[in-house]
């Protein structure tokens, strides 16, 4: 896939500096950064997947979850 993006000058300068420091071309540096970002997103999905599923299956809405977490936080502080 070929992707063309406009990069603001300040970011382009930083990109060129960082690529030079790592001994690579800016294109390769960006590709590596995207690969790292995608790998991190995959790891996060693997870790949070069961939590997201449990939340979806629980039937709780955001307010109910917030209340539950607040109640548990206060119970822990009380030593319960």
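Overview of values
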quantity	calculated
The chain: most fluctuating residue of 43, 13, 52 per GNM, C-alpha cutoff 10 Å	13
Longest to shortest principal axis, alpha-carbon extents of the stretch 21-80, angstrom	55, 27, 17
Computed lengthening from residue 28 to residue 5, 0.36 nm per intervening residue step minus Cα-Cα distance	6.8 nm
Helix 9-21 vs. the chain, principal-axis angle (Cα, 0 to 90°, nearest 10)	80
Extension gain, residue 18 back to residue 58 (0.36 nm per residue minus Cα-Cα distance, nm)	9.8 nm
Gain on full stretching of the segment that runs from residue 76 to residue 42 - 0.36 nm per residue minus C-alpha separation	9.0 nm
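Throughout, read-outs are computed from the coordinates displayed, never taken from laboratory work. On a predicted model such as this, the values are computed, not experimentally measured, just so you know.
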